[in-house]
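Taken together, the values in this text are just the output of simple stated rules run on the coordinates, not laboratory data. Just so it is clear, the structure is predicted and the values come from calculations on it, not from any experiment. In this analysis, Cβ positions are derived from the backbone assuming ideal geometry, glycine residues included, and neighbour counts consider all displayed protein chains.
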Amino acid sequence: MTKIYHNPRCTKSRQTLELLESLKEEITIVRYLEEVPSKEELKSLIKMLGLKPIQLVRKGEPVWKEKFKGKELSDTQLISAMVTHPKLIERPIVVKEGKAVIGRPPEKVKILL
């Protein structure tokens with residue numbers, strides 16, 4: 001089973017989902033703006049991605065610029081910010097068999113399949 005953390009308004013997220021569908025993957029779609037990941041789920045995703053929390057933050061989002069830009073935030077604070085403001089989470093994230101990748105570009109997900 002392949003899971004995608006998906007934002008249907010995002011072009012890269014839609015392209016990644018289309019790619020997964022074209023490869024006949026069995027997919028679970030998590031619309032993370034509506035089904036916001038818990039802190040523990042986000043920590044698990046970050047670990048699977050092999051990233052630091054700051055690397056998962058979309059720094060171009062208005063909420064980042066207004067509330068967080070220029071501040072020194074701990075990993076715990078960054079994770080809390082992403083849970084409170086899920087638009088800050090980079091997308092799409094694809095998970096399969098305990099591994100994860102960000103679908104930017106969408107073809108990157110092929111390494112999981």
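Charge tally for M1 (other residues, Cβ to Cβ under 12 Å; Lys, Arg +1; Asp, Glu -1): -1.
Grab the other residues whose beta carbon is less than 13 angstrom from that of R31, score K and R as +1, D and E as -1, and report the net. Combined, the nearby Lys, Arg, Asp and Glu give +3. Fewest-first ordering of Y32, Y5 by other beta carbons within 10 Å of each residue's beta carbon gives Y32, Y5. Using the rule -39500 (n - 2.57) for each DSSP H run of four or more residues, divided by the residues of the chain, the 222 nm mean residue ellipticity is -10000 deg cm²/dmol. Principal-axis analysis of the Cα atoms of the chain puts helix 75-84 at an angle of about 70° to the longest axis.
Stretch E35-V63 to full length: gain in nm at 0.36 nm per residue minus the Cα-Cα span?
8.2 nm
The peptide list 34-43, 91-100, 6-15, put in order of mean Cβ contacts within 10 Å with the highest first, becomes 91-100, 6-15, 34-43.
I need the semi-axes of the equivalent ellipsoid of the chain: take the C-alpha gyration tensor, multiply each eigenvalue by 5, square-root it, list largest first in whole angstrom.
On the way: eigenvalues 119, 41, 28 Å².
In descending order the semi-axes read 24, 14, 12 Å.
The mean sequence separation of alpha-carbon pairs under 8 Å and at least six residues apart, normalised by the residue count of the chain, gives a relative contact order of 35 percent. The angle between the Cα long axis of helix 39-49 and the main principal axis of the chain comes to about 60°, on a 0 to 90 degree scale. Restricting attention to the chain, close to 65% of DSSP beta bridges with both partner residues there are antiparallel.
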